[in-house]
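Trainee: Take this structure first; my questions come after.
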Amino acid sequence: MTGGDAGSGPNGDADELPPGPDGLPVLGNAHQYVRRPMGFFDELAKYGDVVRCEFPRIDAVAVFHPDHIGDVLLDPSTYERWNFDELKEILDYEIAPRGLTFTRGEEWRRQRHFLQPMFGLDRLEGFSSAMVAATDRLVAEWDDGEEVVINEEFSRLTLSILTNSLFDFDLGERRQVITDAADELQAMADMSGLAAAELLLPSWVPTHRNRRYTRVMDAFDETVDALVERRRANPDRYDDLLTTMLEREDDHEYAMSDEEIHDHLITFLIAGHETTATALTFTWLLLATNEDERRRLETEVTTALDGPPTADDLPELAVTERVAKEAMRMYPPAGMLFREATEETRLGGYRIPEGTKVLLPQFTVHADDRWFEAPDRFRPERFTPERSDRRPEFAYFPFGGGPHQCIGMHFAMMELKHVVPILARRVRFELLSSPAPDVNMELTLQPSEDVRMRVHKR
Ligand code: HEM
């Protein structure tokens with residue numbers, strides 16, 4: 001037993017389960033989750049900091065207090081990642097089962113230890129020029145006055161930066177295969193949520209949909225295998241993450257199988273692509289509607305930089321960093337983290353039975369006025385070091401925390417601190433679509449409609 005307060009529950013009963021909306025019909029919960037995840041979790045938060053909620057065939061608790069979120073994230077043996085095993089039966093294709101986001105226990109620990117150095121700051125600095133080049137290319141493609149869908153543009157951009165860093169060569173037409181797979185996964189994540197709500201019925205996913213998914217993912221697998229093969233044939237010519245993985249093959253302690261390398265590449269492509277694109281989309285949406293903050297950012301990027309940023313400039317870009325952090329507070333790209341209690345335990349004084357799914361909704365916690373005054377306002381100054389220090393550690397956790405904290409966090413922050421200043425120096429966006437679109441919980445948080453902007457070049 002571990003995590004949270006030991007002893008009896010708040011009402012003096014050691015067996016007490018967390019409070020929750022008993023009155024709601026079971027299916028009501030599920031449908032609310034699918035249609036309006038934020039609204040549903042706002043409702044749940046009214047019951048307390050650890051709240052029971054029942055979905056068909058799934059008993060879950062949602063956790064709203066930073067201290068209890070820390071209890072969960074810092075104790076991965078009691079709270080393992082929930083891998084949605086219940087949903088796997090409805091899909092023919094399993095995504096990267098041996099990649100870092102799905103392995104558990106000793107296998108995960110060994111992989112994380114092996115991969116961590118590849119994402120260290122010293123290693124990442126080498127990707128600075130790829131980040132600048134890809135952003136420059138994007139700006140060059142835009143005409144002055146052109147209308148663009150920025151969520152799509154940023155998705156292309158982050159994919160391009162990521163693939164250049166993972167595989168240091170031009171993907172050419174293979175890029176489309178990767179984009180198709182990413183789109184398909186987003187759509188499938190959306191449907192899996194719905195399927196979960198619909199009693200996890202295996203027949204729910206229409207067969208033609210499942211077939212297309214399998215076809216697209218098979219093409220994706222073949223592409224990744226071909227890239228690995230090509231690299232094995234030409235090992236010395238490249239300086240990228242794939243080379244680093246292959247270099248360690250002679251090291252018997254860490255040697256990776258082809259299957260593992262393949263699954264890691266897929267994991268990084270999926271985990272590192274739409275997340276950063278979402279952060280960029282909402283950063284620019286918020287800047288387009290907050291004139292003063294945009295001006296403050298422009299002042300910083302014109303005074304601190306005399307051209308595109310280099311890795312050495314990044315510490316100077318404090319305003320840029322605060323803007324990106326505040327955008328990820330209001331619109332956390334991952335949306336929610338998922339765990340599963342591997343044994344009976346206690347959290348916030350309540351009993352958590354073995355097998356309970358534990359939901360950590362970032363979007364609700366990040367909008368709690370106990371930690372963020374006027375949470376609906378875009379106020380990057382919340383993230384000055386002094387003000388950040390005054391908040392509980394897990395009041396803000398866009399990259400998670402504890403041993404599973406995002407391995408790509410430095411990569412992503414570095415990317416944001418390259419792309420945002422370059423764009424702020426070179427263009428001004430005029431918002432053409434809604435200033436506050438609804439959001440969907442797919443694989444990542446997504447605006448429910450396209451975010452359209454007119455590009456004015458400087
Ligand atoms: C703004 C961008 C990003 C955000 C907000 C983000 C968010 C997260 C979060 C919240 C987790 C923890 C999940 C959990 O505890 O269940 C995570 C894990 C992970 N992320 Fe990211 N991520 C971002 C970018 C990236 C990038 C660029 C990469 C890779 C190139 C990446 C690769 C991963 C991997 C492999 C994990 C699993 C780590 C583990 O379990 O050991 N992410 N990310």
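The values are calculated or read from the model by the stated rules, or taken from the named source; none is laboratory data. Everything quoted here is computed from the prediction, not taken from an experiment. When we count neighbours, we look across all protein chains shown, and the Cβ atoms used for this are built from the backbone with ideal geometry, even at glycine. Remember, those area values only see protein heavy atoms, side chains included, never the ligands or the DNA or RNA. Shrake-Rupley method; radii C 1.70, N 1.55, O 1.52, S 1.80 Å.
Trainee: Determine how large the accessible area of residue 406 is when every protein chain is in place; take a 1.4 Å probe and give Å² rounded to the nearest 10.
Mentor: 50
Trainee: Quote the accessible area belonging to residue 457 in square angstrom, nearest 10, computed with a 1.4 Å probe and with ligands, DNA and RNA left uncounted.
Mentor: Counting only protein heavy atoms, the figure is 70 Å².
Trainee: So, one more: Per 0.36 nm of contour for each residue apart, how much would the distance between residue 133 and residue 57 grow if the chain were fully extended, relative to their Cα-Cα spacing?
Mentor: 22.5 nm
Trainee: Determine how large the accessible area of residue 79 is when every protein chain is in place; take a 1.4 Å probe and give Å² rounded to the nearest 10.
Mentor: 0
Trainee: Please work out how much length the chain gains when fully extended from residue 312 to residue 393, using 0.36 nm per residue of separation minus the C-alpha to C-alpha distance, in nm with one decimal.
Mentor: Gain on extension, residue 312 to residue 393, equals 26.4 nm.
Trainee: At 1.4 Å probe size, put 356, 299 in order of accessible surface, largest to smallest.
Mentor: 299, 356
Trainee: Suppose every Lys and Arg Cβ carries +1 and every Asp and Glu Cβ carries -1, with no other charges. What dipole size does the stretch 256-402 come out with about its Cα centre, to the nearest 20 debye?
Mentor: That gives the stretch 256-402 a dipole magnitude of about 760 debye.
Trainee: Let me ask another. Quick one: order 42, 240 from most to least accessible surface, probe 1.4 Å.
Mentor: Order by accessible area, largest first: 42, 240.
Trainee: Using only the heavy atoms of the protein chains and a 1.4 Å probe, how would 216, 323 rank by accessible area, largest first?
Mentor: So the residues, ranked largest to smallest area, are 216, 323.
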